[in-house]
Amino acid sequence: MSEIIYLVHIHLVPHPAGMELPGYTGAVITAALPIDAGVHHVSVHPSDGPNPVVGLYLESRTLSRAEALARDLWETVADSHAWLRGWAFLRAEVPLIPVRH
């Protein structure tokens with residue numbers, strides 16, 4: 001089975017002090033990821049609704065593996081950058097977007 005690129009949203013719990021994710025968070029995440037992680041792009045939405053969201057475009061063989069990989073990657077980056085631990089992991093999911101024909 002070949003790899004597919006998924007957009008996985010990592011939903012985070014708001015910071016307890018009410019801080020937004022800094023604008024440079026995407027660059028920090030990108031720099032902290034292993035080269036072979038299969039991540040093609042990182043985008044950060046500091047206040048997307050009630051929770052901040054990090055979007056990862058990543059390669060995976062299955063949707064469920066992509067979501068699990070996103071969680072693992074977040075935990076790896078948060079472990080290496082203590083200031084990111086202020087935004088606790090809530091869930092990782094691929095947004096399902098309906099397509100009209």
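Taking the solvent-accessible surface of protein heavy atoms with a 1.4 Å probe, what is the per residue accessible area of the chain in Å²?
60
What is the set of long-range amide H partners of residue 90 at a cut-off below 5 Å, with H atoms built 1.01 Å from backbone N?
For residue 90, whose amide H was placed from the backbone, the distant partners under 5 Å are 11, 12, 13.
Report, in deg cm²/dmol and to the nearest 500, the calculated mean residue ellipticity at 222 nm for the chain, where each DSSP H run with n ≥ 4 adds -39500 (n - 2.57) and the sum is divided by the residue count.
-8000 deg cm²/dmol
Taking the highest mean first, how do the peptides 64-70, 34-40 order by number of other beta carbon atoms within 10 angstrom per residue?
Put in order of decreasing packing, that is 64-70, 34-40.
Where does the charge balance sit around residue 58 when Lys and Arg score +1, Asp and Glu -1, over other residues with C-beta under 15 Å from its C-beta?
Neighbour charge sum, excluding residue 58 itself: -4.
Be a star and scan region 1-33 for residues whose amide nitrogen sits under 15 Å from the point 7 Å along the Cα-to-Cβ vector of residue 45.
Of the residues in region 1-33, 7-14, 21 have backbone N under 15 Å from the label point off residue 45.
Using 0.36 nm per residue, how much length does the chain from residue 24 to residue 36 gain when fully extended, once their Cα-Cα distance is taken away?
Extra length from residue 24 to residue 36 when fully extended: 2.1 nm.
Whole Å is fine, so just give me how far the alpha carbon centre of region 54-97 lies from that of region 1-42.
6
With θ taken as phi - 60° and the coefficients 6.51, -1.76 and 1.60, list the Karplus ³J(HN,Hα) couplings across region 68-75 in order, rounded to whole Hz; mark glycine and proline as x.
5, 5, 4, 4, 4, 5, 4, 5
Could you check the spin-label model distance between residue 72 and residue 7? Points 7 Å from the Cα along Cα→Cβ, value in nm.
2.4
Expressed in whole Å with the largest first, what are the equivalent ellipsoid semi-axes of the chain derived from the C-alpha gyration tensor as the square root of 5 times each eigenvalue?
22, 17, 11
Report in % the part of the accessible area of the chain that belongs to carbon and sulfur, leaving out ligands and nucleic acids; probe 1.4 Å.
58
Quick one: net charge around residue 36, please, counting Lys, Arg +1 and Asp, Glu -1 for every other residue with C-beta under 14 Å from its C-beta.
-3
The values are calculated or read from the model by the stated rules, or taken from the named source; none is laboratory data. This is a predicted model, so every value here is computed, not measured. FYI the Cβ positions are ideal-geometry reconstructions off the backbone, even for glycines, and counts take in every protein chain you see. SASA here: full protein model, heavy atoms, side chains in, ligands and nucleic acids out. Shrake-Rupley method; radii C 1.70, N 1.55, O 1.52, S 1.80 Å.
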